[in-house]
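The values are calculated or read from the model by the stated rules, or taken from the named source; none is laboratory data. These numbers were taken from a predicted model, which means no experiment stands behind them. Neighbour counts are summed over all protein chains in view; Cβ atoms, including those assigned to glycine, are modelled from backbone coordinates with ideal geometry.
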Amino acid sequence: MAFSILIVLALAIGTLSADDASNRQSALPSLVPCDPNYPYRTFDGSCNSLNNPRYGQANTIYQRLIAPATYSDGVSAIRLSQSGAALPSTRLVSTTVTSNQSVSDNDASLITMQWGQFMDHDLTQTLQFTVAGGCCTPAGSRFGNVSTNPNAECLHIPIPSDDPVYSNVNCMNFIRSTFGLNLDGTIPPAREQINRLTHWIDGSMIYGNNDAAAQSLRDTSSGKGLLAVSIQNGKVLLPTSATLCTDVASCFVAGDSRVREQPLLTVMHTIWMREHNRVANALYSIYGASKTDEFYYQEARRIVIAEFQHITYNEYLSVILGNMILVQLQSKYSLTTKTQLNILGPKARFPKNNGPSNPAIYNEFAAAAYRMGHSQLRSFIQLIQADGSQSSQSYFLSNSFTTGTFRLLDPVFIDNALRGLLITPAQSVDECFADDITSQLFRGTNALGGDLISINMQRGRDHGLPPYIIARQAARANNGRSSKLAKSFNDLKSTHSDEVIDYLKSVYGSVADIDLYIGGVTENHMPGAAVGPTFGYIIASQFQNLKTSDRFFYSDRSQPFSFTKNQLKEIKKVSLARIICDNSDGTITQIQPSAFRNPTGNNMPVACASIKGIDFNQFYSTTSSSSQENSASQESSSSEEDN
């Protein structure tokens, strides 16, 4: 996840030298001419902005919410502590500040965590350099001793000699992220890391982020615009690959390569693949053979993206950001009218947008704030049977990384997993993390795994993120509060518990040294929110920008191809609860209306039949969308090349 559990995916860019960031940027991706009349998104995210076609394109750099980068040499060297010494080992910070206690969130259900990871895989994937043999010895090991001849892109995590888990090793493997050019081809003054994905909420984890990937996931034989599937044990599952895994039956593939990271993520991918096909079939039932396969595929794709956007802004963000923040954004450009308050509160300041702006994901979001979901993870994954009892299929997270997708082959797994996600509370976002990710991440048989918390902080240093107190100051200033910079640990009392402050004080020499991730994830929550004010500011700013910069955003009515008023009315009926009811395996007949919130009080389960969804007979007239069909037929010539 960058809210994701990261798998290290390498990008080979040639032989590395010891040079600094001035001459090894990855080249910009190819760009084809834009067709201003084409009504659908390109797969690589380009041409959303016709004035700046590279805005949002896959394989372009992140931007910074809080500039500039904080490299000690202004270019690429990791920042130092206020004393001039090296910052403390992120593994030492992790073992000092965090614990493996379990604290449940009384409001958010565990499916909130799973949505966050799924959403993250639509938005961010940062690739690392290829370093043959890794950074620790013996070569290829996750842990070991520091290499005597380290590669220039090694940034190993030192393991203290008295570490409570790892013994007889002093090195945790860590390789730096690749970096790229500005969108105009010029060289940035400091490293700017690359997002492999598009910078839009556009369902790329379902459909892929280039034309070749998208085409490989389609089933064009029916003429109905369907995504490819596999039928196993009588269930419609994701397609599989015979070349990626030895266990072909569960080697599921989707628009994002991380689909097999853990089974609950694979379940979410399966639900949304089914939703695309459900929508495509519904459209076919209206138009039949009078429309093309390309029309059905592209129309279903744009409806599914709209559903995903609506659920995110209408349901998910209110759980993460709380009641103080208006998350059902009403305006595309102006955010200052009385009826269109912006999402950071009544005192927050945002400039008016007069047109599409750069949507690039904020580095602070990708490498810190949106990784808050790691604290929502639970160690024991509880599956619930149709009769409400706990299933014997329940398992520990650490036993399911990358190899656990075989579980979906059981005909009752998907529904049992969904029931578990819906009735199990998420863990609270705080200093408590499951040991499955603090010492068992991607562990092999009879072996220890990695520490994701250490990796998160080290990635922040690699990316030149601001220290916590700088981001905290920006968040407070933006919301009309005192912008005074914290000068001592005692200045954190308004955002942190005394216990956490003591832990931070024991490992950092100065309050100015605190890493953004650990400072933000341990903040006291805003009222009704899952996060504190600093991560709330970064997350809210990100989703604000993703909406206002997107020409294809589902609620925008200014484009010739925009959804009609009536179509938008139907889309706004959609909820995650309805998606689950429509695409589960048939044993989920009741569900809480607000799926992201625990089933208590006014949110007790109701019959699926009572939950509204799109009425496609109302959505389309028999004469609508002919222009979309004509444009969709041009897909092969007007979409981007495979990168």
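List of remarks:
- Within the stretch 526-550, considering residues that are assigned to a loop (DSSP other than H, G, I, E, B) and touching a helix residue (DSSP H, G or I) at 6+ places or on another chain (Cβ under 9 Å), the one farthest from Leu317 (Cα to Cα): Asp550
- Filtered residues of the stretch 490-545 (kept if touching a strand residue (DSSP E or B) at 6+ places or on another chain (Cβ under 6 Å) and either of a type in the set (Lys, Arg) or surrounded by fewer than 23 Cβ atoms within 10 Å (Cβ to Cβ) (or both)): Gln542
- Of the set (1) closer than 23 Å to Ala69 by Cα; (2) touching a residue at least 40 places away in the same chain (Cβ under 8 Å), all apply to Val507 but (1).
- Any hit, the stretch 289-298, residues being in a loop (DSSP other than H, G, I, E, B), modelled with pLDDT of 60 or more, farther than 18 Å from His121 by Cβ and not aromatic (Phe, Trp, Tyr): yes
- Within the stretch 118-139, tally of residues that are surrounded by fewer than 23 Cβ atoms within 10 Å (Cβ to Cβ) and of a type in the set (Ser, Thr, Tyr): 2
- Any pair with Cβ under 8 angstrom, 6 or more apart, that starts in the stretch 79-100 at a residue that is farther than 20 Å from Asp502 by Cβ and ends at one that is of a type in the set (D, E, K, R) and in a helix (DSSP H, G or I): Arg79/Arg461
- In the stretch 159-194, residue nearest to Thr548 (Cα to Cα) [restricted to those that are assigned to a strand (DSSP E or B) and out of contact with any helix residue (DSSP H, G or I) (no Cβ under 7 Å at 6 or more places or on another chain)]: Ile194
- Scanning the stretch 503-520 for residues that are touching a Gly at 6+ places or on another chain (Cβ under 8 Å) and either assigned to a loop (DSSP other than H, G, I, E, B) or under 18 Å from Ala474 (Cβ atoms) (or both) gives Asp515, Leu516, Tyr517, Gly520.
- Of all residues in the stretch 199-210, none are under 30 Å from Pro466 (Cβ atoms), aliphatic (A, V, I, L, M) and in a strand (DSSP E or B).
- Subset of the stretch 589-606 that is surrounded by fewer than 21 Cβ atoms within 10 Å (Cβ to Cβ) and of a type in the set (A, V, I, L, M) - its residue that is farthest from Val319 (Cα to Cα): Val606
- Phe553, sole failed condition from (1) in a helix (DSSP H, G or I); (2) closer than 29 Å to Ile201 by Cα: (1)
- Checklist (1) more than 28 Å from Gly203 (Cα to Cα); (2) in contact with a Ser or Thr (Cβ under 9 Å, 6 or more places away or on another chain) applied to Asn168, failing item: (2)
- Residue in the stretch 551-579 that is nearest to Pro53 (Cα to Cα), counting only those that are loosely packed, with under 14 Cβ neighbours inside 10 Å and of a type outside the set (Lys, Arg): Gln559
- Members of the stretch 178-206 found to be crowded, with 22+ Cβ neighbours inside 10 Å, among the hydroxyl-bearing types (Ser, Thr, Tyr) and over 15 Å from the mean Cα position of the chain (by Cα), listed by number: Thr178
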